[in-house]
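Reading through the structure tokens given below for one structure.
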Amino acid sequence: MNLFVDTICQLTRDALHRLDSERVWATSEIQGLIEQPPDADMGDFALPCFSFSKKLQRSPKQIAEELQNLLVQEDPQEQAFDAQKRLPFSRIQAFGPYLNFFLHAEILARELLPSIFNNPFSKGLISLGRGKDRSEKNRQKVMIEFSQPNTHKGFHVGHLRNAALGDSLCRIHRFNGYEVVGANYFGDVGTHIAKCLWYYLNHCKDSPPEELRGEWLGELYTQSVHLLETLEGEEAQKAQAEISSLLRKMEEKDPELSKVWDETRQWSMDDFEEIYRWLDIRFDHYFYESDVDEEGRQMVLQGEMDGTFILSEGAIGIDLEEENLGFFMLLKSDGNTLYSTKDLALARRKFDQFSIDRSVYVVGAEQTLHFKQVFATLKRLGYAQAEHCYHLPYALVMLPSGKMSSRAGNVILFSEMRKKMREFILQGQLAEQSLEWGTTEVEETAHRIALAAIKYGMLSQDPNKPIVFSMEDWLVSEGDTGTYLVYAYVRIRSIGRQVALEVSDQIDFALLEHPNEKLLMRRMLDFERIVWKSGEQFKPSLLARYLYELCRDFSKAYGTCSVKHAESESLQAARLLLFHCVAEVLKTGLGLLGITPPERM
């Protein structure tokens, strides 16, 4: 894990051996128990002794006390733990059933700060971060599929949660050593497109705009839905027949309709490319529903011939009662494909073409049952990778007025949100700077503030909890917002510009003795553990919370441990290094959330 944990493991193992020399005490067993106390006053690390109780035939509280006595008996004055001897603990103390370890601030500073200063996360915190237990997983290849917008629909605020989640997970997994393939799966076929094209070809009198044509198609789709709801009798039947005909022609690749479909699909793709560019989101591969449609049909037909799938009332599916997942339909009785049909073909492409070990699907929580059925079906088909498929469900993004819906047309389109955020920032946070800075810097800074607000707002909540989007609340520069985090980063960077010293690792680390300075260092020590946990649990919200707490700890230290007004130049230099390292950790963490902070505001 890290050198401090390694030391705890070694000290504890030796002490346990003295309590019972007949047993073999594994380092890995001890390492898995070590945790961080909820309060800094209780220590920096804690070793719960419950699991030793049965083996040693005494209470956890008694074991903790005996371990304490063994670890400090060689030097009652605790000189064995001072900085000169380079052992990292100033105190080891039993607290009920726990054995608590208090890090020596000077040694923590000496080990932590130069490692960040000299190697700012290009390879992690050297010996302080990456654990030996990660090496096996680090060799794995992971595909993370996310965003998955439908063409012929407008990209709106609700789509941003999926995009931010997937992008952050790609960044976090790469940081954690995985080989990552970020993939997007576009919904470019289906009934919604037939409805959009039906309206476009038969009822639209306007010419396409010069820009945002994909968004314009989304407006046509909404208008088509509204028009269909007003039709009755023969008119309604005629409209539905026309839409069904268009859908059939799309599936049959009718040349005339395919030309219209190709052109309009490209309008949507052009919009998407611009949106992803602005969001600083990149993909390694694009999949399209239209590419796996027929392939999925053939897989299902072959499975029916093989006996894996069954015919039921003209439709083809699979009985998953053994898995308590019911009957999973794979092909409709009229021969039309379903999402399930295409997901089977998509999974096969992922396994065969990319040789991935893990497959992550970032898709809304309403599809939970669907993906359980997909993964169970893949397992029945003999794909070993099905065991390592994971659906990351997430809750909806709501408006204060309620649920958004492209069908109903009550959405905040991305272009509208982007425009309003820019205006809000330029008239608020950057009103004075707009008069002093060049246009390029003002626009870039506004862009970065907006991205911080959006992405942190989408990532700071647990994926299972719904989000209420509020532009004004997310752009507040105080409290738990992305705007606050980038403000904290800019403030830290400004400290270095106020002091006539260069940051150096040639420091008297003993000077960093204030509790708030140690609190900051202890928080930084946890950075890679939190990043690892965020990736393995598929929760960037853990990292977001950590960064907010890091900024709060900085604010405490900033108010009590001044650099500019430090008592000596040596203390000034030590604090300058400390705050510089905080900025590096914060910048790296924000980067893993997809946020690039400005250098000044």
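Just a yes or no: is a residue in the stretch 530-543 more than 27 Å from the chain's Cα centre (by Cα), more than 30 Å from residue 439 (Cα to Cα) and among the hydrophobic types (A, V, I, L, M, F, W, C)? For the stretch 530-543, residues more than 27 Å from the chain's Cα centre (by Cα), more than 30 Å from residue 439 (Cα to Cα) and among the hydrophobic types (A, V, I, L, M, F, W, C): absent. Checking each residue in the stretch 188-213 for being under 26 Å from residue 336 (Cα atoms) and buried (at least 19 other Cβ atoms within 10 Å of the Cβ) picks out 188, 189, 190, 192, 193, 194, 195, 196, 197, 198, 199, 200. When residue 538 is tested against (1) part of a helix (DSSP H, G or I); (2) modelled with pLDDT of 95 or more, exactly one condition is not met: (1). Taking every residue in the stretch 90-105 that is touching a residue at least 12 places away in the same chain (Cβ under 8 Å) and pairing it with any residue that is in a strand (DSSP E or B) and of a type in the set (Ser, Thr, Tyr), at least 6 positions away or on another chain, the pairs with Cβ-Cβ distances below 6 Å are 102/90; 104/90. Out of 47, 33, one residue alone is outside the structural domain of residue 509 (by TED's automatic domain parsing), modelled with pLDDT of 90 or more, farther than 22 Å from residue 515 by Cα and part of a loop (DSSP other than H, G, I, E, B). It is 33. For the stretch 182-190, check the following and say yes or no: at least one residue is assigned to a strand (DSSP E or B), farther than 25 Å from residue 266 by Cα, in contact with a Cys (Cβ under 8 Å, 6 or more places away or on another chain) and not hydroxyl-bearing (Ser, Thr, Tyr). For the stretch 182-190, residues assigned to a strand (DSSP E or B), farther than 25 Å from residue 266 by Cα, in contact with a Cys (Cβ under 8 Å, 6 or more places away or on another chain) and not hydroxyl-bearing (Ser, Thr, Tyr): absent.
Yes/no per residue for (1) farther than 30 Å from residue 470 by Cα; (2) in a loop (DSSP other than H, G, I, E, B); (3) in contact (Cβ under 8 Å) with a residue 24 or more places away in the chain:
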| position | (1), (2), (3) |
| --- | --- |
| 342 | yes, no, yes |
| 359 | yes, no, yes |
| 382 | yes, yes, no |
| 405 | no, yes, no |
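Can you name the residue in the stretch 1-25 that is among the polar types (S, T, N, Q) and surrounded by 12 or more Cβ atoms within 10 Å (Cβ to Cβ) and is also nearest to residue 99 (Cα to Cα) among such residues? Checked the stretch 1-25; the qualifying residue nearest to residue 99 (Cα to Cα) is 12. When 160, 257, 227 are checked against the criterion of being surrounded by 15 or more Cβ atoms within 10 Å (Cβ to Cβ), without any contact (Cβ under 8 Å) to a residue 60 or more places away in the chain and either assigned by TED's automatic domain parsing to the domain that holds residue 353 or not in a helix (DSSP H, G or I) (or both), 227 stands alone in meeting it.
Residue selection: residue 503 fails the criterion of being of a type in the set (A, V, I, L, M, F, W, C) and within 24 Å of the chain's Cα centre (by Cα).
None of 528, 502, 584 is within 30 Å of residue 440 (Cα to Cα), of a type in the set (Asp, Glu) and either in a helix (DSSP H, G or I) or in contact with a strand residue (DSSP E or B) (Cβ under 7 Å, 6 or more places away or on another chain) (or both) except 584.
Scan (1) closer than 21 Å to residue 159 by Cβ; (2) touching a residue at least 24 places away in the same chain (Cβ under 8 Å); (3) outside any helix (DSSP H, G or I) for the single condition residue 429 breaks and write down its number. Among (1) closer than 21 Å to residue 159 by Cβ; (2) touching a residue at least 24 places away in the same chain (Cβ under 8 Å); (3) outside any helix (DSSP H, G or I), residue 429 violates only (1). Within the stretch 361-380, if we keep just the residues that are in a helix (DSSP H, G or I) and touching a residue at least 60 places away in the same chain (Cβ under 8 Å), the residue that is surrounded by the fewest Cβ atoms within 10 Å (Cβ to Cβ) turns out to be 365.
For the stretch 277-293, the candidate set comprises residues that are touching a residue at least 40 places away in the same chain (Cβ under 8 Å) and assigned to a helix (DSSP H, G or I); within that set, the residue that is nearest to residue 337 (Cα to Cα) is 293. Pairing each residue of the stretch 474-498 that is free of Cβ contacts under 8 Å to residues at least 60 places away in the same chain with any residue that is part of a loop (DSSP other than H, G, I, E, B) and of a type in the set (Ser, Thr, Tyr), provided the two are 6+ apart or on different chains, yields C-beta distances under 9 Å for 474/481; 475/481; 481/460; 483/477.
The residues in the stretch 304-330 that are at pLDDT below 95 and either crowded, with 21+ Cβ neighbours inside 10 Å or assigned by TED's automatic domain parsing to the domain that holds residue 146 (or both) can be counted, and the count is 0.
The values are calculated or read from the model by the stated rules, or taken from the named source; none is laboratory data. Since the structure is predicted, the reported quantities are computational estimates derived from the model, not experimental observations. Note that each Cβ is placed from the backbone with ideal geometry, even for glycine, and that neighbours are counted across all protein chains shown.
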